[in-house]
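Heads up: the structure comes next, in structure tokens.
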Amino acid sequence: MNTSVRTFEVCLSTSSRVDPHALPFDEMACHPNAFVVPFRRGHRDGQNFHAGVFDASGEVLRNTEMRTLTRGVMATRAVRDAALADAKFLSGAWLFCGVMSHQFGHVITRGLGRIWATEKLPKTVKLLFVSLLYSEKEHAFLERLLKTLGIENEYAIVPSPTHVEELYSAPDLFSEAHEGVASPSYAKWIRGKLPKRARSRFGRKIYITRDQMSGTVGRHLCEDVLEDNLSNAGFDIVAPEKLSLVEQLEMYREADTVIAADGSALHVLPFTFRPEATCIILKRRSEIPPLITNHVRSFSQAGIVEIDVIKDVAWPRHRADNISLVTLDFEKLRDDLVAQGVVDVNDPWRCPSPAEFDASRNLGRPLSVGFVTDTERPQFLRQLRRTRQEKKSMKDMSEETTVPVLEGQGYIDVLAQLHEKLQPNWYLEVGTFTGKSLSLAKGNTIAVDPEFKLRHPAVNPTGKQMFFFQQSSDDFFKDGFLKKNKISVDLAFLDGMHLFEYLLRDFIETEKAMSKKGVIALHDCCPTTDYMATREFHKGDWTGDVWKTLQILQLYRPDLKIDVTTAFPTGLVLIRNLNPRSTVLSKKYDALVKEFMGKELTDFDDGISGFFKTLNLKDPADVLKKM
């Protein structure tokens with residue numbers, strides 16, 4: 001690691017020297033009738049966005065630098081004048097705080113460097129952040145962060161050019177504009193603002209896992225195996241996104257050793273990490289970004305150890321930057337951790353098999369995506385840019401695509417044949433409603449619905465056991481009826497709430513109770529119109545967005561046997577090879593909901609038609625014949 005960290009010496013806006021041991025309150029200023037121009041799509045020259053903060057006469061204000069590591073700013077009078085039309089207006093007094101964007105690490109590295117000025121300002125002065133292509137009015141992590149620091153001032157995120165009645169400016173003492181270097185006075189101030197709570201529930205050896213995040217983010221492969229190895233060595237395995245900010249800070253405050261990949265978690269650790277502690281960084285890239293190393297060393301005197309045991313790097317064939325998939329040399333990693341004294345030579349340690357590495361690499365992505373190496377990636381990105389330009393020029397010439405019509409047997413008929421084929425001893429149904437599908441069951445039956453409206457003969461004529469639970473599926477599974485009664489389900493039909501996160505939870509809980517040869521059937525995963533697939537309920541044909549659950553299962557559970565049938569009118573998905581012990585989906589549930597919540601059918605090339613191309617639709621009769 002490069003230990004020669006840049007020191008904080010001058011103010012970016014004025015080039016005047018800054019006393020690193022004192023907060024520069026004398027540099028604060030108040031400006032009437034200021035004008036703020038945030039980052040906006042389509043308003044830039046190369047990497048320089050047309051953005052800036054100006055005084056009433058059109059001059060750029062001191063101490064309002066907005067530059068990030070990857071985006072420069074062009075703040076000129078011409079930029080200001082071009083943004084005046086249709087500008088909004090903010091009344092009252094505001095403190096300019098810098099840039100706000102989506103990712104929580106960037107909230108820390110882009111928007112905190114000026115909030116020290118609140119020490120000298122009344123709480124009536126609000127905090128103004130400029131949007132870096134961020135569309136929301138609120139930011140959950142920013143709110144938690146300000147609350148944790150005891151800052152009660154209200155805030156706003158400005159997405160468009162705005163006149164401000166009264167704007168305070170203050171020197172930026174910590175941000176990406178300084179490459180993550182913080183003034184010692186600022187580091188001391190912010191550490192003093194953080195609360196001290198009761199002891200952390202975690203031990204003194206912590207491994208920060210990324211395994212519960214979306215499979216599409218950059219990561220070490222086979223991290224679940226690494227977790228098991230480190231757990232055997234006495235490490236607590238912690239997913240920080242599952243903890244509150246205060247819990248994370250207390251965990252780091254009490255830890256002796258933290259092992260983590262180079263990533264955003266390391267932007268929280270420095271605030272409370274003790275000087276005598278050690279942070280071991282497992283590299284995901286050849287060079288750890290200076291933004292991380294500078295931040296850690298500006299706030300903490302703790303020991304920092306880099307471990308580089310990278311064997312191979314694979315890049316999915318996508319444009320995003322932070323998606324590299326890294327294969328580690330597990331044997332060398334063990335030796336390095338033993339040398340650091342954090343793993344004992346006698347601790348159990350396992351190296352993943354080639355098949356495990358392959359499965360981990362493909363997690364969360366269609367097999368058709370493919371990968372490129374570090375060497376191949378620059379050429380791939382150039383070709384990708386050319387292809388996008390060609391597609392854009394061809395857009396007006398493209399022909400409309402057609403969506404397949406699902407004309408197979410009706411899904412009720414397919415379910416009836418499924419009952420005949422499997423002869424299930426236990427049948428579970430979530431979303432019984434009128435009882436039409438329930439009336440097909442001849443074995444022991446469990447029906448779950450928050451509001452039964454039975455209009456079909458629901459009583460089992462064979463005299464088998466029947467259980468009706470008029471409650472939500474979440475409450476049903478939480479009560480543990482299946483586990484308490486040691487019920488092994490042979491066939492389950494999930495047709496409850498038509499929102500993907502509900503169906504995903506139902507699948508996760510149902511799989512835990514399935515028999516070895518059990519089958520789970522999902523309904524309505526093949527919408528044939530965009531309107532049918534809205535998240536908002538409406539009369540008529542409505543599938544909701546449960547198609548996303550099918551996508552998740554295809555991408556994250558390649559071990560499942562998934563057959564998507566053409567059952568009329570919106571398909572029937574039959575799933576086999578179930579694994580009641582699988583934790584892949586439960587561990588990643590929050591990340592998956594976040595990843596898929598904003599996805600639309602229009603995101604596919606050719607829209608719904610493109611979605612159908614991913615399904616490999618089959619005639620239900622052919623699927624049943626092979627069961």
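The values are calculated or read from the model by the stated rules, or taken from the named source; none is laboratory data. As the structure is a computational prediction, the values presented were derived from the model and not from experiment. Cβ atoms come from the backbone with ideal geometry, glycine included; neighbour counts cover every protein chain shown. The area values use the complete protein model at the heavy-atom level, side chains included, leaving out ligands, DNA and RNA. Shrake-Rupley method; radii C 1.70, N 1.55, O 1.52, S 1.80 Å.
Summary table below
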| quantity | calculated |
| --- | --- |
| Matching entry among Gly192, Gly180, Gly98, Gly111 (being surrounded by fewer than 16 Cβ atoms within 10 Å (Cβ to Cβ) and among the small types (Gly, Ala, Ser)) | Gly192 |
| Single condition Lys126 does not satisfy, out of (1) among the charged types (D, E, K, R); (2) at pLDDT below 95; (3) open to solvent by 30 Å² or more (accessible area, probe 1.4 Å) | (2) |
| Residue that is nearest to the chain's Cα centre (by Cα), among those in the range 265-295 that are more than 30 Å from Thr373 (Cα to Cα) and in a helix (DSSP H, G or I) | Leu269 |
| Unique residue being open to solvent by less than 40 Å² (accessible area, probe 1.4 Å), within 24 Å of Ser368 (Cα to Cα), touching an Asp or Glu at 6+ places or on another chain (Cβ under 6 Å) and touching a residue at least 12 places away in the same chain (Cβ under 8 Å) when the list is Leu585, Leu592, Leu574 | Leu574 |
| Index of the failed condition, Glu138 passing every other in (1) in contact with a helix residue (DSSP H, G or I) (Cβ under 6 Å, 6 or more places away or on another chain); (2) in a loop (DSSP other than H, G, I, E, B); (3) open to solvent by 70 Å² or more (accessible area, probe 1.4 Å) | (1) |
| Long-range neighbours under 8 Å by Cβ, at least six apart or interchain, first residue closer than 23 Å to Cys222 by Cα within the range 359-383, second at pLDDT below 85 | Leu363/Gly215; Gly364/Ser214; Gly364/Gly215; Gly364/Thr216; Arg365/Gly215; Arg365/Thr216; Val369/His318 |
| Candidates Asp541, Asp530, Asp622 - the one that is surrounded by fewer than 15 Cβ atoms within 10 Å (Cβ to Cβ), over 16 Å from Phe500 (Cβ atoms) and at pLDDT below 90 | Asp541 |
| Qualifying residue in the range 104-127 (condition: over 23 Å from the mean Cα position of the chain (by Cα), in a strand (DSSP E or B) and in contact (Cβ under 8 Å) with a residue 24 or more places away in the chain) | yes |
| Evaluation of Thr549 against (1) open to solvent by less than 60 Å² (accessible area, probe 1.4 Å); (2) within 21 Å of Phe507 (Cβ to Cβ); (3) β-branched (Val, Ile, Thr); (4) at pLDDT below 95 (one fails), failing number | (4) |
| Selected residue [modelled with pLDDT of 90 or more and open to solvent by 20 Å² or more (accessible area, probe 1.4 Å)] from Asp321, Asp312 | Asp312 |
| Among the residues listed as Val73, Val79, the single one being among the hydrophobic types (A, V, I, L, M, F, W, C), within 30 Å of Arg144 (Cβ to Cβ) and not in a loop (DSSP other than H, G, I, E, B) | Val73 |
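Residue-by-condition table, conditions (1) at positive phi; (2) among the hydrophobic types (A, V, I, L, M, F, W, C); (3) surrounded by fewer than 19 Cβ atoms within 10 Å (Cβ to Cβ):
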site: Leu230; (1), (2), (3): no, yes, no
site: Pro290; (1), (2), (3): no, no, yes
site: Thr293; (1), (2), (3): no, no, no
site: Val305; (1), (2), (3): no, yes, yes
